[in-house]
Amino acid sequence: MNKILQLFSALTLVLATYKTNAQLINPGFETWSNDILVPSAMNPNSGNATTGWLDFNYFNHSTLGSSPISVTRCTDTVHSGSYSVRLQTRVYTPTSWGIYSNWGIPFIGHPYNDTLGILFNGNANVTNQTYVPGIPYTQKITQFKFYYQYKPTGNDTAVCRVLLVKQRNPIAGGAFKTNVSTGASGWQQATINLTYVSSATPDTLWVLMSSSSLDKNPKSGSILWIDDVSVTLPTGINELMDTEQEIEIFPNPSTGVFSVRSTESNEGQHLEVYNVLGSKVYFTPDNRQMNYTLDLSHYPKGVYYVKLFRGEKSTTRKIVVQ
């Protein structure tokens with residue numbers, strides 16, 4: 001049990017090398033297995049050391065803090081097939097929270113709150129104490145879709161965040177949020193349009209779903225049902241990167257305030273800035289100026305992407321905010 005505790009207390013999100021493919025795993029949540037640490041809990045995957053959907057149900061084990069089970073197999077609220085997945089926001093015990101509190105940083109830029117219902121994908125192997133985030137994926141998808149029902153507590157917000165990466169470097173991303181109860185409306189389809197910040201071919205797809213807000217105060221008791229995940233493949237993809245000489249950024253890294261210089265100004269152009277999840281955080285109107293001063297100091301530290309749009313062309317550069 002000490003080895004198991006070490007695995008989940010010192011777990012780091014480090015990618016391992018494994019064979020890539022381009023197929024969603026268990027998209028309808030029809031496959032479930034008993035949790036290796038908590039036999040009374042079930043997880044939407046094929047068992048230990050398999051790639052699929054993961055959760056924090058193992059924190060129900062007494063050694064890991066005896067937190068309540070937050071992800072369950074659902075049979076009475078199903079979009080298709082026999083099962084869906086049900087996420088319910090639970091308050092984790094201080095012991096459990098102390099173990100997993102930093103896991104959110106690679107996904108959302110700050111630690112997880114102690115009150116969350118979380119579902120994410122990857123491969124966890126208790127036997128050899130390894131964790132690989134995401135599923136192998138090499139397709140440049142344009143959309144990520146799923147069916148959901150939501151019953152929030154108060155003004156809580158359900159979230160899904162999707163990220164395509166290559167060797168942990170972002171390729172494309174997007175997010176879906178809702179604080180609206182579906183009520184008698186039943187199943188709704190969520191569509192996430194992915195924004196590309198690189199023309200490279202991805203190797204991994206990261207997905208994180210939560211029954212509560214990841215950025216504000218989550219509310220215990222919020223419930224999110226999910227079923228029938230799918231992706232949309234493009235009929236053709238244009239290159240989204242261009243020669244770096246067309247745009248200069250300095251200083252880089254910066255404290256958040258930096259300059260952007262365009263080498264051409266003979267036609268209308270504008271800037272947009274995206275975070276690693278593909279969410280637009282800044283933009284300028286169309287103009288012909290060559291020099292811009294941007295201030296991202298009030299945003300979280302990390303990697304951002306500056307895109308210069310000129311006609312039908314776009315050029316992307318990375319900026320690091322420290």
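The values are calculated or read from the model by the stated rules, or taken from the named source; none is laboratory data. None of the values given here were measured: they were computed from a predicted structure. Positions of Cβ are generated from backbone atoms using ideal geometry, with glycine treated the same way; all protein chains shown enter the neighbour counts.
Values for this structure:
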{"item": "Contacts under 7 angstrom Cβ, first residue in segment 246-257 being in the same structural domain as P300 (by TED's automatic domain parsing) and surrounded by 12 or more Cβ atoms within 10 Å (Cβ to Cβ), partner aliphatic (A, V, I, L, M) and not in a strand (DSSP E or B), 6 or more apart", "result": "G256/L296"}
{"item": "Test: residue in segment 15-28 that is modelled with pLDDT of 90 or more and over 18 Å from the mean Cα position of the chain (by Cα)", "result": "yes"}
{"item": "Any chance S46 is surrounded by fewer than 17 Cβ atoms within 10 Å (Cβ to Cβ) and closer than 19 Å to V229 by Cα", "result": "yes"}
{"item": "Condition met for Q139 (closer than 17 Å to W206 by Cα and surrounded by fewer than 20 Cβ atoms within 10 Å (Cβ to Cβ))", "result": "yes"}
{"item": "Subset of segment 116-156 (residues that are β-branched (V, I, T), farther than 16 Å from N57 by Cβ and more than 14 Å from the chain's Cα centre (by Cα))", "result": "T127, T130, V132, T138, I141, T142, T153"}
{"item": "Residues of segment 113-123 satisfying the condition of being within 18 Å of C160 (Cβ to Cβ) and either assigned to a loop (DSSP other than H, G, I, E, B) or out of contact with any strand residue (DSSP E or B) (no Cβ under 7 Å at 6 or more places or on another chain) (or both)", "result": "N113, G117"}
{"item": "Hits in segment 293-305 - residues which are modelled with pLDDT under 85 and not in a loop (DSSP other than H, G, I, E, B)", "result": "G302, V303, Y304, Y305"}
{"item": "Meets criteria (of a type outside the set (F, W, Y) and closer than 21 Å to N45 by Cβ) for G104", "result": "yes"}
{"item": "Filter pass, F144 being in the same structural domain as N45 (by TED's automatic domain parsing), crowded, with 22+ Cβ neighbours inside 10 Å and in a strand (DSSP E or B)", "result": "yes"}
{"item": "Unique residue being of a type in the set (V, I, T), assigned by TED's automatic domain parsing to the domain that holds S198, under 20 Å from R161 (Cα atoms) and in contact with a helix residue (DSSP H, G or I) (Cβ under 8 Å, 6 or more places away or on another chain) when the list is V132, V126, V38, V71", "result": "V71"}
